[in-house]
Amino acid sequence: MISALMTKGVSLQLTPMEISDSIAQAGSDIGLAEKAPSQSEIVVHPGERCRVALELKNWESYPQQLTLKLDGTFPLEWCQTEAEPQRMAPLEQGATHLATVDIPAKQSWYADLCFQVPPTFFEDQDIWPAHAAEPLELNFQGCLSVCPASSSAAAKAARSPIQQSSFDLYVRPRSLYTTFLPTVYQEIDIIHRFVKIFEEAFDPVVNSFSSMWAHLDPLTAPQSLLPFLAHWVDWPLDAQLSLTQQRRLIRRAVEIYRSRGTRKGLRFYLHLYTGLPLDEGVSREEDKSISITEPSGQGCLLGVAQMGVDTILGGGKAYHFEVCLRCEQDYPIDEELVRRIIEQEKPAFCTYDLWIENR
């Protein structure tokens, strides 16, 4: 916290809303100079919003109009002001002017200074120095100044700050590995930055283990891994099938093997290939989108056979079945590929007829 100094009836106080575990104290960083005890330290993590509470108090018995200015060695667009709108006059032009406010007598004006560093601060090549030998700047200095507001340009140029407050702004990476260290080491800034090197190196490996399940599921695995998964279940890849169809078939290969040579297995295979529904709730086989029937019977027996339903002359062919696919108009079905699937799944001694009907 910055000490509240009073100059000409005005006091300025800054309070960081989040205290970092490690602060770059003098001596812990090479080249960091000794600073005054009243100077505040603000630690900002790239991509995260850091709030600093600001209080500007008027100790005089009359109202004052004051201008708040910000200067520093860091890009000033990193800082934004959030304050009470009813107490703010129109902002002055200029990158260093934050706000012009009217403060009644014996009252305070509160605002939040929000510091936010781009999330790609360490990855963006534009921020790196031109010479590789120069270290990346991580420690910045800033200064908040309070000046009396004035409308004339001459007065603006001549006026001097009546109150100033300096602070240090440190850009540090967020490290989770340091939470496993003893507390005494968590308070040292250079250890935080050193451990972050190992965290960046090992995090991709750790994350790959947490998402390993996605690489073993044919529906989510990378395309380059599909041949391995297909070999795992002894499923032949077919270049005529789309990638989505191959993923579905590899994932359900074991179920297809379990029912191979049966009506259920053939219907399930055709369902995975064509995308037509199984219609398990439909009782009549002839009404299903994928129907497999056996046109066999005792022939035309008076009093037993029903004309147009089960009337068959000659008793039908042995070990023969019919496959009928019922789909919408222009539904994409490759008849040659369907016949190849049936030849692969049916018993060798069986014969069949294939029909593709439009609803």
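The values are calculated or read from the model by the stated rules, or taken from the named source; none is laboratory data. Since the structure is predicted, the reported quantities are computational estimates derived from the model, not experimental observations. Counting neighbours? That spans all protein chains shown, and the Cβs are built from the backbone with ideal geometry, glycine included. What goes into the accessible areas is simple: the full protein's heavy atoms, side chains included, and nothing from ligands, DNA or RNA. Shrake-Rupley method; radii C 1.70, N 1.55, O 1.52, S 1.80 Å.
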Item checked: Per-selection Kirkwood Rh - region 169-260 (Cα, Å, 1 d.p.) -> 16.9 Å
Next item on the list: Please work out the average accessible area per residue across region 144-296, using the 1.4 Å probe convention, and give it in Å².
Entry: 58 Å²
Item checked: Gain upon complete extension [H215, R174; 0.36 nm per residue less C-alpha separation] -> 11.9 nm
Note to self: What distance in nm separates the two pseudo spin-label positions at D124 and E286, each 7 Å out from Cα along the beta-carbon direction?
What the structure shows: 7.3 nm
Check: Quick one: how many Å² of I42 are accessible to a 1.4 Å probe, rounded to 10?
Finding: 0 Å²
Margin query: Can you give the local net charge around A230? Use residues other than it whose beta-carbon is closer than 11 angstrom to its beta-carbon, Lys and Arg +1, Asp and Glu -1.
Written below: 0
Checklist line | Within straight-line cross-link reach of K57, aspartates and glutamates at Cα separation under 15 Å, skipping those fewer than 8 residues along the same chain | finding: E84, D102, D112
Next item on the list: Provide the solvent-accessible area of H320, counting protein heavy atoms only and rolling a 1.4 Å probe, rounded to the nearest 10 Å².
Entry: 20 Å²
Check: With every protein chain kept in the model, how would you rank Y110, Y331, Y273 by accessible area, 1.4 Å probe, largest at the top?
Finding: Y110, Y331, Y273
Notebook entry, point to check: ³J(HN,Hα) across region 227-234 via Karplus (A = 6.51, B = -1.76, C = 1.60, θ = phi - 60°), whole Hz, x for Gly/Pro?
Noted result: x, 5, 5, 5, 5, 4, 9, 6
